[in-house]
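The values are calculated or read from the model by the stated rules, or taken from the named source; none is laboratory data. Computed from a predicted model, the values in this text were never measured in an experiment. Please note: Cβ atoms are built from the backbone with ideal geometry, for glycine as well, and neighbour counts cover all protein chains shown. All accessible areas refer to the heavy atoms of the entire protein, side chains included, with ligands and DNA or RNA removed. Shrake-Rupley method; radii C 1.70, N 1.55, O 1.52, S 1.80 Å.
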Amino acid sequence: MKKKKVNLRDLKPDSETKHGHDDGHNHSNPEKLGDFRTYLPAFFSFVMLIIGIAVDFFDAFPYFKGWVRIVWYTVAYLPVGFPVIKEGWNSILKGDFFTEFLLMSIATIGAFAIGEYPEGVAVMLFYAVGELFQNAAVNRAKSNIKALLDVSPNEALVYRNNDYVSVNPETVEIGEKVQVRVGEKIPLDGVLLSEKGSFNTAALTGESKPDTISKDEKVFAGSINLDGVIEIETTKEFKDSSIARILDMVQNATARKSKTELFIRKFARIYTPIVVFLAIGLTFLPYLFVKEYVFSDWLYRALIFLVISCPCALVISIPLGYFGGLGAASKNGILFKGASFLDEMTKVTTVVMDKTGTVTKGVFKIKVIKAIGWDEPEFMKYLMAMEEQSTHPIAKAIMEYKADGEDFQATDVNEVAGKGLMGTVNGKTVLVGNKALMTSNNIEVPSETDNIVESIVMVSIESKFAGYIIIADELKEDAHEAIKQIRESGISKIIMLSGDKDSITQQVAKEMGVDWAKGGLLPEDKLLEVEKLMAETDNKVAFIGDGINDAPVLAASDVGIAMGGLGSDVAIETADVIIQTDQPSKIARAIKIGRSTRRIVWQNIGLAFGVKAVVLVLGAGGLATMWEAVFADVGVALLAILNAVRLQKMKWD
């Protein structure tokens, strides 16, 4: 699933770029919305309109009639009307005739033609104000996603020719040494050369808590250095860094529209020309059936009909609702690759999860220490003296035990293939390994070890069994809470599939309370199991994984969710949803955000269709004026936009 690369140096904040929709909307924002100049045309038209209405009502100036009145309202109309007429004309030149710009232009110019000048100005003024509010809402909805653009580093201090020089991050090569000062962003992915560093990764993961990293551990582009000058060695080029991939994904997210959004867009394209022809019919057809036909009355009704029928409430609030959902998810450390996956998350009935790295930390830890005939600290010193000679992950886990064993030295250490180590510690013969090593040396092993499914390291000292330790992968802190929340969100089935031993997988599954589990699976076995589930009627499957071996299933499932997007290139490329914080509890939150988004979108659809249908009937029957028409169009659009903006304030804890 290769994605088109985006040159991040060419990206600009949305306030500086065009944001066009298929419906002909243009939300370009050349000035800051807070700049008074943005509001000046609408403010000028509003003042002119109020003065004109006041003079009309009180009949204060006898000269305010005829051409004077027409010129006054024309001057009031042009600041807000001319841009709309221009957009309508440009759309026609491009072959797009039936846009809301054309509808608004016909309706307001028609109002002028029949002498309804104040209403013509008012309709266009309210439309312009609605566009301003719409722009404000769009900018607010995008603020979380725009924050990601701000984390893209602009420079890198690279060590070249015995000095640090400032260069564009795109010119830095793999393996170069980069210095990062306090408050600066890490420009590229790498490993920490300094002893320790503290970093703010909030823009990347949604977590405000500083992240402390030790020497030789990974650091990611876009993180902010909080404590002291540090040095890193780059491991990726800028275009391949985690932040570049995430930015690329976010930039392309809105291109993948939901089925609801696509349907409404297509509906609006068909609906708009239909209402134009209905308005024409409403103007002229009554001549054939009504005895006292008055052209201006029926034209007025047709103009009201046109204003009401503008589909802007639908074609604006629905994409805005989905964009708000994408932004809210980003704020919570969840990245959706498109609005379509917000919808898909609401339909999930079965959650299938990998074990290692998804619900567990993927790191060996000492779980149990059982010393027999020895004090625990002394027992561990013998064991650590032997394991110090090994580079095995289990040995590393054992060496994390805190014990002062400098006076315990291992000599003559030999590895017994597939069994463990033999050697001498402080003059005593020590064996460290599995049961086979003990048995082959005639050492009796307690029966209590037979039922242990995790990795076990047995120790004998001077040909006597001295004890054992159990090494196991540790559950993530929120693993139990994740299962609880997933169930509370209405998911009917939770399954665990793992490449780890089946006995270990079953034990973890039982501890967590999943419905059923299966271990010892190869990647193709996982894919087969998920395909079986997907073949069941009305079963929507979300798969959660974290590694290269999970990529086939992430790609094939209805919704692929990757854990730890910052550290996994394959996850970024393949998954539909990225949980940036490595927290499985965010899965339930992703489901809730998807449902909240969909609920708001359908509320907006119901509101728009309901109000428009009522006022359309009233307008065609002559029972509604331009003022009701304005509410049915701009008012409903504003209400729908405000409803969509609620997503930015919601909590899903």
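A few comments on the model shown:
- When VAL541 is tested against (1) of a type in the set (A, V, I, L, M); (2) open to solvent by less than 10 Å² (accessible area, probe 1.4 Å); (3) under 16 Å from PRO584 (Cβ atoms), only condition (3) is not met.
- Counting the residues of segment 595-612 that are at pLDDT 85 or above and buried (at least 22 other Cβ atoms within 10 Å of the Cβ) gives 4.
- Residue check, GLY565 within 15 Å of the chain's Cα centre (by Cα), modelled with pLDDT under 90 and either farther than 30 Å from SER309 by Cα or not in a helix (DSSP H, G or I) (or both): yes
- Only residues that are open to solvent by 50 Å² or more (accessible area, probe 1.4 Å) and in contact (Cβ under 8 Å) with a residue 60 or more places away in the chain were counted in segment 367-381, giving 6.
- Of everything in segment 417-438 that is under 24 Å from PRO393 (Cβ atoms) and open to solvent by 40 Å² or more (accessible area, probe 1.4 Å), the residue that is modelled with the lowest pLDDT is GLY418.
- Of all residues in segment 351-391, those satisfying the criterion of being more than 21 Å from the chain's Cα centre (by Cα), over 18 Å from GLU454 (Cα atoms) and of a type in the set (Val, Ile, Thr) are ILE372, THR391.
- Contact annotation: residue pairs with Cβ atoms under 9 Å, 6 or more positions apart or on different chains, pairing a residue in segment 480-504 that is without any contact (Cβ under 8 Å) to a residue 12 or more places away in the chain and more than 19 Å from THR346 (Cβ to Cβ) with a partner that is part of a helix (DSSP H, G or I) and open to solvent by less than 10 Å² (accessible area, probe 1.4 Å), are LYS484/ALA588.
- Positions within segment 382-403 being in contact with an Asp or Glu (Cβ under 8 Å, 6 or more places away or on another chain) and open to solvent by 50 Å² or more (accessible area, probe 1.4 Å), in sequence order: MET399
- Set side by side, the residues ILE461, ILE504 differ, and just one is at pLDDT below 90, surrounded by 19 or more Cβ atoms within 10 Å (Cβ to Cβ) and among the β-branched types (Val, Ile, Thr), which is ILE504.
- Qualifying residue in segment 392-403 (condition: in contact with a helix residue (DSSP H, G or I) (Cβ under 8 Å, 6 or more places away or on another chain), outside any loop (DSSP other than H, G, I, E, B) and over 22 Å from ILE366 (Cα atoms)): no
- Scan of segment 509-544 for residues that are out of contact with any helix residue (DSSP H, G or I) (no Cβ under 9 Å at 6 or more places or on another chain), at pLDDT 90 or above, farther than 19 Å from ALA555 by Cα and not charged (D, E, K, R), ordered by number: ALA509
- Picking from residues in segment 279-332 that are under 28 Å from VAL601 (Cα atoms) and polar (S, T, N, Q), the one that is modelled with the highest pLDDT is ASN332.
- Condition met for ARG646 (within 30 Å of ASN200 (Cα to Cα) and surrounded by 20 or more Cβ atoms within 10 Å (Cβ to Cβ)): no
- Any chance THR358 is within 30 Å of ILE578 (Cα to Cα) and assigned to a loop (DSSP other than H, G, I, E, B): yes
- Within segment 82-109, being out of contact with any Lys or Arg (no Cβ under 9 Å at 6 or more places or on another chain) and under 15 Å from ASP633 (Cβ atoms) holds for VAL84, THR99, GLU100, LEU102, LEU103, MET104, SER105, ILE106, ALA107, THR108.
- Test: residue in segment 236-251 that is surrounded by fewer than 16 Cβ atoms within 10 Å (Cβ to Cβ) and at pLDDT 70 or above: yes
- For the condition of a type in the set (A, V, I, L, M) and modelled with pLDDT of 90 or more, ILE578 does not qualify.
This table checks each residue for (1) outside any helix (DSSP H, G or I); (2) at pLDDT below 80; (3) within 36 Å of the chain's Cα centre (by Cα).
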{"site": "PHE64", "(1), (2), (3)": "yes, no, no"}
{"site": "VAL71", "(1), (2), (3)": "no, no, no"}
{"site": "LEU78", "(1), (2), (3)": "no, no, no"}
{"site": "ILE92", "(1), (2), (3)": "no, no, no"}
{"site": "THR108", "(1), (2), (3)": "no, no, no"}
{"site": "ALA122", "(1), (2), (3)": "no, no, no"}
{"site": "PHE126", "(1), (2), (3)": "no, yes, yes"}
{"site": "ASN139", "(1), (2), (3)": "no, yes, yes"}
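- When VAL352 is tested against (1) part of a strand (DSSP E or B); (2) open to solvent by 40 Å² or more (accessible area, probe 1.4 Å); (3) within 30 Å of ARG487 (Cβ to Cβ), only condition (2) is not met.
- Selection over segment 66-119 of residues that are acidic (Asp, Glu), more than 23 Å from PHE295 (Cβ to Cβ) and surrounded by 18 or more Cβ atoms within 10 Å (Cβ to Cβ) gives a count of 2.
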